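Below is one structure; the comments refer to it alone.
The values are calculated or read from the model by the stated rules, or taken from the named source; none is laboratory data. Please read all numbers here as calculations on a predicted model, not as lab measurements. Positions of Cβ are generated from backbone atoms using ideal geometry, with glycine treated the same way; all protein chains shown enter the neighbour counts. The accessibility values were calculated without ligands, DNA or RNA, using every heavy atom of the protein model including side chains. Shrake-Rupley method; radii C 1.70, N 1.55, O 1.52, S 1.80 Å.
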Amino acid sequence: MRLTDEQREAVRSDSNVMLTACPGSGKTRVVVAKLSKLLDEVRGTPRRIACITYTNAAVHEIERRLRGDMQAGDEVLYYVCTIHSFCLNHIFRQYCHLIKGFQAGFRVLTPESQEFEDVVRGICAKFDVPAQFSDRRDFFEHLRIDIDGRPVGANGPCAGLDDKMARSYWAELGSRGLIDFATIIYYSYLLIQRRQEIRRYVSAKFAWFVVDEFQDTTDLQVGLLGLIANARRTQFFLVGDPYQSIFGFAGARPELADEFATRVEAQTDLQLSGNFRSSPTVVAHANRLFQRSPPMTSAGDAQQYTEAPRWVYGGTPFEAVSDYFLPALEELSIPLGDSAILARTWYTLLPIANQLREYGVSVVGPGARPYRRARVFAPLAESVCGYTVERDPSTIRSIERTLFNTLLEITGRPDFRIFSYCGRVVLFKLLGVAKTLYEEHMSAAHWLTTAAGRFSQILIDDDLLPKQAEHVFSASVAEMIDDMSKRGVDIANLTVGDIGMYAYPERALKLSTIHNAKGREFGAVAIIDLHDGVIPHWRAQTAAEVLEEKRLFYVGVTRAKRLLLYVTHPNKYDRGPSRFLSDLGVSGIAF
């Protein structure tokens with residue numbers, strides 16, 4: 001694996017390290033190289049390596065890259081997972097019987113499930129929250145617990161959510177035998193804090209923790225890692241960037257990373273300063289926002305791009321995208337699937353998603369899916385449709401996970417037979433049926449209806465789905481079609497490829513909040529609704545809060561490789577352009 005001098009020095013260090021990595025610096029490559037080196041150290045020993053990263057997408061990417069450097073049997077030597085998955089599988093699941101209320105087991109509540117939506121709506125109704133609030137699922141999805149057991153999330157995406165609502169939400173989960181990601185981490189922390197034998201077990205098992213995006217580690221997660229560190233049997237390789245710390249509403253603070261690094265006596269003078277993602281002009285804008293030492297520089301192929309970022313104002317965000325952004329993509333030959341529209345909040349993206357879809361542009365993201373993602377059959381249908389159209393063997397594992405999660409949601413029981421040889425046989429039966437139906441040139445609605453019945457029968461015949469659940473998929477499809485009818489979707493002309501696009505959206509324009517775009521990159525980026533009161537948010541009053549807002553803008557800017565467009569427009573609050581635009585010295589173009 002080819003590494004720069006900066007990357008190689010970080011990988012070779014044998015001490016605890018906190019590596020500062022600028023945007024686009026190849027930190028995933030460094031993480032994979034470090035894991036490969038550590039595999040050599042633990043091979044032949046009973047110890048393991050834990051790699052903690054922020055998203056499931058990052059988990060899959062690290063696993064994909066690491067497979068090329070593995071030897072036979074290495075797959076049992078490491079775990080690449082999110083902090084939620086680590087706590088669930090290595091602490092909570094094994095010791096939940098020690099916590100009151102979980103002696104009889106539990107089910108994990110995911111934000112994609114229908115039950116999550118039902119609980120959220122019930123809590124909002126209980127507290128007389130306006131209907132539009134109950135539709136904002138991220139208020140509850142981003143709810144967290146701090147190290148003292150208090151709900152956090154009063155600002156940012158969770159603005160307006162008070163302690164009573166949060167505690168009522170968790171009480172409702174408990175009454176249903178459910179647990180969410182936030183409480184998994186909290187109870188795991190309590191278990192490892194109060195039970196010395198658990199602390200010893202975890203520290204003895206893991207020789208190393210490799211932690212990505214460490215700047216966004218919360219007080220609770222730092223507390224948990226600190227208890228493991230106290231045993232002095234585990235080493236830490238931490239990768240992060242204080243200038244990209246944007247999850248303060250979830251309890252993350254850059255200073256927590258510094259305090260932990262000091263606690264474990266980590267080497268902190270190693271940095272990655274070369275940005276292999278963004279053009280010199282984009283990097284120049286980023287450096288105007290935050291001057292790093294050493295300064296961030298454009299490196300590699302990105303240096304060849306010369307297009308200057310643009311600021312357009314007037315009209316509507318849709319007009320800015322249709323009149324400036326889309327023509328620029330065509331002019332520069334940037335694929336639609338390598339482009340993104342970013343905004344502070346998802347509800348800003350909803351109208352533009354509808355307008356772009358009506359304009360004939362394929363989009364994925366908030367408001368783009370013509371039905372609710374929470375419909376039980378939707379994730380499985382999307383992944384299978386995507387495979388049916390693209391036939392990419394590398395997606396089989398993802399479809400397995402989707403099938404596992406779908407059956408878990410229906411039955412409430414994890415069935416690990418999905419990942420066995422027999423499970424793979426069942427999966428290919430489903431894919432075979434999907435292919436046959438696709439070749440019959442069915443519309444998406446007809447395909448969904450027919451596939452729901454055929455899939456149910458296969459899963460029942462192979463004892464993976466109970467007989468009493470045989471109509472669950474069909475009912476879900478009916479809900480999906482009803483959703484599409486209410487949104488005015490041309491159902492008759494909706495294709496199987498249109499459904500599959502949401503599982504493998506490589507050809508569609510991405511719509512995303514800046515928070516959710518963290519860790520991603522695009523050939524072209526348009527950041528819309530760049531107004532004071534939005535970025536920075538009007539709730540940001542203190543210097544620290546405004547600084548985090550500036551970091552959020554910085555993250556948005558540094559997602560772009562080549563083309564970067566800032567968009568402002570007349571609005572009902574008469575908000576002017578974001579104060580951060582003035583830091584960039586960019587002139588606007590009226591339209």
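Of the residues making up the range 415-441, those that are among the small types (Gly, Ala, Ser) and assigned to a helix (DSSP H, G or I) are Gly423, Gly432, Ala434. Restricting the first member to the range 22-36 and to residues that are among the charged types (D, E, K, R), and the second to residues that are part of a helix (DSSP H, G or I) and surrounded by 24 or more Cβ atoms within 10 Å (Cβ to Cβ), the beta-carbon pairs closer than 8 Å and six or more apart or on different chains are Lys34/Ala10.
Among the residues of the range 196-223, those that are assigned to a helix (DSSP H, G or I), among the hydrophobic types (A, V, I, L, M, F, W, C) and more than 23 Å from Ser293 (Cα to Cα) comprise Ile198, Val202, Ala204, Leu220, Val222. When Glu382 is tested against (1) of a type in the set (Asp, Glu); (2) over 19 Å from Val496 (Cβ atoms); (3) open to solvent by less than 30 Å² (accessible area, probe 1.4 Å), just one condition goes unmet, and that condition is (2). Check the range 539-548 and report whether any residue there is surrounded by 22 or more Cβ atoms within 10 Å (Cβ to Cβ) and charged (D, E, K, R). Checked the range 539-548: at least one residue is surrounded by 22 or more Cβ atoms within 10 Å (Cβ to Cβ) and charged (D, E, K, R). The set of residues in the range 106-148 that are farther than 21 Å from Asn516 by Cβ, assigned to a helix (DSSP H, G or I) and modelled with pLDDT of 75 or more comprises Gln114, Glu115, Asp118, Val119, Arg121, Gly122, Ile123, Cys124, Ala125, Lys126. Selection within the range 4-21: residues that are in contact (Cβ under 8 Å) with a residue 60 or more places away in the chain and of a type in the set (A, V, I, L, M). The member of this set that is nearest to Ser273 (Cα to Cα) is Ala21. In the range 255-282, the residue that is most open to solvent (accessible area, probe 1.4 Å) out of those that are over 26 Å from Ala544 (Cβ atoms) and in a helix (DSSP H, G or I) is Pro280.
The residues of the range 1-47 that are surrounded by fewer than 18 Cβ atoms within 10 Å (Cβ to Cβ) and not in a helix (DSSP H, G or I), listed by number, are Met1, Arg2, Leu3, Ser13, Asp14, Ser15, Arg43, Gly44, Thr45, Pro46, Arg47.
Of the numbered criteria (1) in contact with a strand residue (DSSP E or B) (Cβ under 8 Å, 6 or more places away or on another chain); (2) open to solvent by 60 Å² or more (accessible area, probe 1.4 Å); (3) of a type outside the set (Asp, Glu), the one Ser293 fails is (1). Taking the criterion of being at positive phi and touching a strand residue (DSSP E or B) at 6+ places or on another chain (Cβ under 6 Å), the only residue of the range 1-56 that qualifies is Gly24. Taken over the range 330-348, the residue count meeting the criterion of being open to solvent by less than 10 Å² (accessible area, probe 1.4 Å) and over 15 Å from His531 (Cα atoms) is 3. In summary, Glu358 fulfils each of the numbered conditions (1) at pLDDT 80 or above; (2) more than 20 Å from Arg310 (Cα to Cα); (3) surrounded by fewer than 16 Cβ atoms within 10 Å (Cβ to Cβ); (4) not hydroxyl-bearing (Ser, Thr, Tyr) with the single exception of condition (1).
Taking the criterion of being open to solvent by 10 Å² or more (accessible area, probe 1.4 Å), small (Gly, Ala, Ser) and part of a helix (DSSP H, G or I), the residues of the range 224-249 that qualify are Ala229, Gly248. Residues of the range 361-393 being assigned to a loop (DSSP other than H, G, I, E, B) and either at pLDDT below 80 or basic (Lys, Arg) (or both), which ones? The answer is Gly365, Pro366, Gly367, Ala368, Arg369, Pro370, Arg372, Arg373, Ala374, Arg375, Arg391, Asp392.
Taken as a whole, the structure places Leu256 among residues that are among the hydrophobic types (A, V, I, L, M, F, W, C), free of Cβ contacts under 8 Å to residues at least 60 places away in the same chain and under 13 Å from Val211 (Cβ atoms).
Just to verify a result, which residue in the range 57-75, among those that are more than 25 Å from the chain's Cα centre (by Cα) and open to solvent by 40 Å² or more (accessible area, probe 1.4 Å), is farthest from Met1 (Cα to Cα)? If we take residues in the range 57-75 being more than 25 Å from the chain's Cα centre (by Cα) and open to solvent by 40 Å² or more (accessible area, probe 1.4 Å), then Ala72 is farthest from Met1 (Cα to Cα). If I filter the range 96-113 for residues that are within 30 Å of Met480 (Cα to Cα) and aliphatic (A, V, I, L, M), do I get at least one hit? Yes, some residue in the range 96-113 is within 30 Å of Met480 (Cα to Cα) and aliphatic (A, V, I, L, M). Would you tally the residues in the range 234-253 being under 20 Å from Arg144 (Cα atoms) and without any contact (Cβ under 8 Å) to a residue 40 or more places away in the chain? The qualifying residues number 2. Can we say Val321 is in contact with a Leu (Cβ under 9 Å, 6 or more places away or on another chain), open to solvent by less than 40 Å² (accessible area, probe 1.4 Å), of a type in the set (A, V, I, L, M) and not in a loop (DSSP other than H, G, I, E, B)? Taking the combined requirement at face value, the residue satisfies it. The residues of the range 296-312 that are open to solvent by 70 Å² or more (accessible area, probe 1.4 Å) and within 15 Å of Ile334 (Cβ to Cβ), listed by number, are Asp301, Gln304, Thr306, Arg310. Has the range 401-414 got at least one residue that is assigned to a loop (DSSP other than H, G, I, E, B) and either open to solvent by 80 Å² or more (accessible area, probe 1.4 Å) or touching a helix residue (DSSP H, G or I) at 6+ places or on another chain (Cβ under 9 Å) (or both)? Within the range 401-414, one or more residues are assigned to a loop (DSSP other than H, G, I, E, B) and either open to solvent by 80 Å² or more (accessible area, probe 1.4 Å) or touching a helix residue (DSSP H, G or I) at 6+ places or on another chain (Cβ under 9 Å) (or both). Is at least one residue of the range 523-534 closer than 15 Å to Gly248 by Cα, open to solvent by 10 Å² or more (accessible area, probe 1.4 Å), within 23 Å of the chain's Cα centre (by Cα) and at pLDDT below 95? Looking for residues that are closer than 15 Å to Gly248 by Cα, open to solvent by 10 Å² or more (accessible area, probe 1.4 Å), within 23 Å of the chain's Cα centre (by Cα) and at pLDDT below 95, one finds none in the range 523-534, hence no.
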